[in-house]
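Quick notes on the structure that follows.
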Amino acid sequence: MALRLKTVDRDTPMLLPPDLRDWIPNNHIVHFLLEAVSHLPLHVYHLNWKGSGSQQYPPFLMFSLLIYSYITGRFSSRRIEEATYSDVAVRNVCGNTHPDHDTICTFRKKNTRAFKACRRAA
């Protein structure tokens with residue numbers, strides 16, 4: 001019997017930007033997480049107001065990113081930042097943006113009380 005192998009072409013670029021949601025199964029937990037976080041009162045979360053004056057990431061994005069990262073066993077802000085480049089579900093959570101590890105760590109520190117309040121409510 002002849003050996004049949006799939007063709008792998010890494011040199012042809014994609015012609016259209018992909019929709020990351022198409023790459024994640026419909027029953028994946030990330031869809032549930034994003035839906036649940038969209039119903040939370042995220043005005044209680046604090047942003048990092050000091051710094052360069054650049055735009056801040058929305059609290060629902062940062063909260064969703066941290067919760068999904070904890071669910072999948074990522075606790076280090078550097079590993080979470082790395083996942084924004086390498087994990088399709090994390091890229092979907094972040095809307096294909098890439099918060100750096102310092103931004104992730106600052107958000108986590110400034111919102112410790114809000115995280116604990118969510119845990120008590122659950």
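Between exposed trypsin sites (Lys or Arg not before Pro) in the chain, where DSSP calls loop and at most 10 other Cβ atoms lie within 10 Å, what's the longest gap?
51-122
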Relative contact order of the chain, please, whole-number percent, based on alpha carbon pairs below 8 angstrom and at least 6 residues apart. 27 percent
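Which FRET efficiency value, to the nearest 0.05, do you get for Ser86 and Phe60 by plugging their Cβ-Cβ distance into 1/(1 + (r/R0)^6) with R0 = 22 Å? Provide the component values of the computation, followed by the final result.
Details: r = 22 Å, r/R0 = 1.01.
Computed FRET efficiency for Ser86 and Phe60 comes out at 0.50.
Pulled fully out, how much extra length does the chain show between Asn26 and Thr12, if you take 0.36 nm times their separation in residues and subtract their Cα-Cα distance? Could the numbers behind the result be given before it?
Values: separation 14, 0.36 × 14 = 5.04 nm, distance 2.76 nm.
Stretched out fully, the Asn26 to Thr12 stretch lengthens by 2.3 nm.
Quick one: what do you get for segment 58-122 if you divide its Cα Rg by 2.2 N^0.38 Å?
Against the compact-globule rule of thumb, the ratio is 1.04.
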Dipole check, the chain, charges on Cβ (K,R +1; D,E -1), about Cα centroid: among Met14, Pro99, Ala117 the Cα furthest to the positive pole belongs to Ala117
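Over all alpha-carbon pairs in the chain, figure out the percentage whose distance exceeds 23 Å. The partial results should precede the final answer.
Working: 2870 of 7381 pairs.
For the chain, the share of Cα pairs beyond 23 Å comes to 39 percent.
List the chymotrypsin sites (Phe, Trp or Tyr not before Pro) within segment 50-120 that DSSP assigns to loop and that have no more than 12 neighbouring Cβ atoms inside 10 Å.
Details: sites: Phe60, Phe63, Tyr68, Tyr70, Phe75, Tyr85, Phe107, Phe115; in loops: Phe75.
Those satisfying the criteria are Phe75.
Coordinate-derived values only; no laboratory data. Since the structure is predicted, the reported quantities are computational estimates derived from the model, not experimental observations. Note that each Cβ is placed from the backbone with ideal geometry, even for glycine, and that neighbours are counted across all protein chains shown.
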